[in-house]
Each structure stands twice: as C-alpha cells, then as structure tokens.
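The block underneath contains the structure these notes are about, expressed in structure tokens.
The values are calculated or read from the model by the stated rules, or taken from the named source; none is laboratory data. Since the structure is predicted, the reported quantities are computational estimates derived from the model, not experimental observations. Glycine also receives a Cβ, built like all others from the backbone with ideal geometry; neighbour counts cover every protein chain displayed.
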Amino acid sequence: MALPVSGSLPWLNRLRSRWWALIPALSIVAVIAIVEADSGSATALAWLALVAVPPLAAFALAALVRGSRPSWAWAAVPLLVLAWASRDSLLGEVAATALSGLACISLGWLLVSAVPDQWLRLGVYAMAVVDTYYVSSDLLQGPNAVLSAAVPAAGLPRLQAVHFGSAQMGFGDLFIAALVGCLLAQPPADGPQSGLYGRFEARRQRNAAVLVGVLALGFDLLFFAVDELPATVPVALALAVVSWLERGRRFGSASAA
C-alpha cells in the first residue's frame with residue numbers, strides 16, 4: 001500500500017469509465033464461478049498467473065513504485081528464480097509473494113488510470129462486501145482451496161495465491177491492498193497537486209498501511225473461532241477511515257475560511 005507513486009497512464013484515458021469499478025467485485029464472482037464449473041480451470045488460472053505476474057511485477061519495479069527506475073525491472077528475474085528454486089521454503093514463498101504484490105500494483109494502476117476516484121472507492125467497498133458474503137456463506141472455501149492447490153506443472157511456483165506455510169491468502173487480497181495504495185497515491189482532486197512523490201500522498205499511504213496492519217491484527221483474533229476470514233475487510237475499512245478523516249479536515253478548513 002505504501003509503495004505506489006502518484007500519476008496515471010495517459011493512454012488509458014480514452015477507456016476511462018465508471019463501469020470498470022465493477023472489476024474488483026466481479027473478479028471474485030467470476031473466479032469462483034469458473035472454478036466451481038470446472039475444477040480443471042484452476043490449472044489454467046495458475047498458468048495465467050505464472051505467465052502474467054513476472055512481467056507485471058517488472059513493470060511496477062521499472063515505473064510504478066517509489067524510487068523505481070527502468071533497471072529495477074530485472075529484479076523480477078531473481079525473484080522468479082528464487083520462487084521457483086525454493087518454492088517450498090519461507091524464502092521462496094516471500095519471493096513469490098513479492099512478485100504477486102508488485103504485479104497487483106501494476107493492475108491497480110491500470111484501474112486507477114481508467115476509473116474515476118469516487119467510483120473506484122465504491123468498487124473497493126463492493127469487493128469487500130462480496131468477499132464477506134462468499135466467506136460467511138461457505139461458498140468461497142471449496143473453490144479457493146482448489147485454486148490455491150493448483151500447480152501450472154510439477155515443480156513450478158504457484159503465483160495465483162499467497163502461501164506461508166499452512167497459511168494462505170488469495171491473489172485478490174493482495175490486489176485490493178495494492179489498489180488502495182494506488183488510489184491513495186493520487187493527489188486529491190480538490191487539493192494541492194504535489195507531484196510525483198508528493199509528501200501528502202506518501203504520508204496517507206503510510207498511515208493507511210499502518211491502519212490496515214492494526215485492523216488486520218484485531219480482525220485475526222476471529223481465527224480463534226473460524227478458519228477463514230475475508231482479508232479484504234481491513235483494507236476497505238482503512239480506506240473508509242482515511243477518506244472520512246480527510247473529508248473532516250477539508251470541512252474544518254472550509255469552515256475556518
């Protein structure tokens with residue numbers, strides 16, 4: 001959440017539409033429906049992640065994260081090698097997670113460049129609601145287990161999910177965090193445009209990241225009662241809190257003026 005920088009991809013302006021805000025929520029619905037309909041599709045999705053994640057991660061390292069530079073794109077190569085060679089170790093799992101997280105920043109940037117800010121925020125909240133519904137209704141667990149266990153081919157890394165020992169998270173859980181980071185990296189429409197590395201945007205990204213950590217730790221106490229939780233909820237709550245605090249400050253500044 002704290003890594004993305006501000007800006008947009010101008011070539012996506014002609015595709016700009018509020019309807020793209022449906023993608024976060026629909027991504028959950030579509031993946032669950034596809035895996036439910038054909039469990040073999042999980043292998044195809046694992047292949048898609050293996051092919052798409054490394055170049056997306058390289059693009060993020062080259063242009064979309066703080067301090068990025070084109071030469072950093074090559075760092076995706078050793079990360080992939082490490083994720084492949086040490087896939088059953090903690091180090092390999094960290095490398096795979098880093099690749100997936102960086103790829104999510106690229107995907108988040110695509111949405112931020114194509115969707116108006118207020119609509120994309122609603123899209124984040126909708127994704128958390130859909131995720132919560134699927135988890136609480138026990139509709140996510142089966143397809144998610146099939147997808148997480150899928151391997152492109154024997155010995156290849158699984159980049160379609162996050163694995164740390166026996167703990168697992170879906171790709172969408174990383175995606176929503178990266179998406180919110182990309183959202184918060186943008187200067188407020190009615191505020192000062194502070195440039196590519198604006199201090200205000202960096203500060204609110206860090207604050208949101210800390211808040212997500214605090215909320216997630218509290219939320220994880222529910223694991224004493226259940227085995228699976230919607231990890232999108234702490235991220236959506238953090239975005240709501242940050243947005244509410246910013247509106248309060250703007251209202252107070254306007255009243256004082």
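The table below lists the values:
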| read-out | value |
| --- | --- |
| Condition check for ALA30: under 26 Å from THR232 (Cα atoms), in contact (Cβ under 8 Å) with a residue 40 or more places away in the chain, within 18 Å of the chain's Cα centre (by Cα) and in a helix (DSSP H, G or I) | no |
| Residue ID - nearest to the chain's Cα centre (by Cα), chosen from residues in the stretch 66-100 that are outside any helix (DSSP H, G or I) and either buried (at least 19 other Cβ atoms within 10 Å of the Cβ) or among the hydroxyl-bearing types (Ser, Thr, Tyr) (or both) | SER68 |
| Selection within the stretch 53-89 - at pLDDT 95 or above and within 22 Å of ASN144 (Cβ to Cβ) | VAL53, LEU56 |
| Where a residue in the stretch 159-178 is part of a loop (DSSP other than H, G, I, E, B) and its partner, wherever it lies, is of a type outside the set (A, V, I, L, M, F, W, C) and surrounded by 22 or more Cβ atoms within 10 Å (Cβ to Cβ), with Cβ under 7 Å and at least six apart | LEU159/SER100 |
| Check on ALA62, touching a Phe, Trp or Tyr at 6+ places or on another chain (Cβ under 8 Å), part of a helix (DSSP H, G or I) and either crowded, with 16+ Cβ neighbours inside 10 Å or not polar (S, T, N, Q) (or both) | yes |
| Filtered residue count, the stretch 212-226, keeping only those that are free of Cβ contacts under 8 Å to residues at least 40 places away in the same chain and either under 25 Å from LEU122 (Cβ atoms) or not in a helix (DSSP H, G or I) (or both) | 8 |
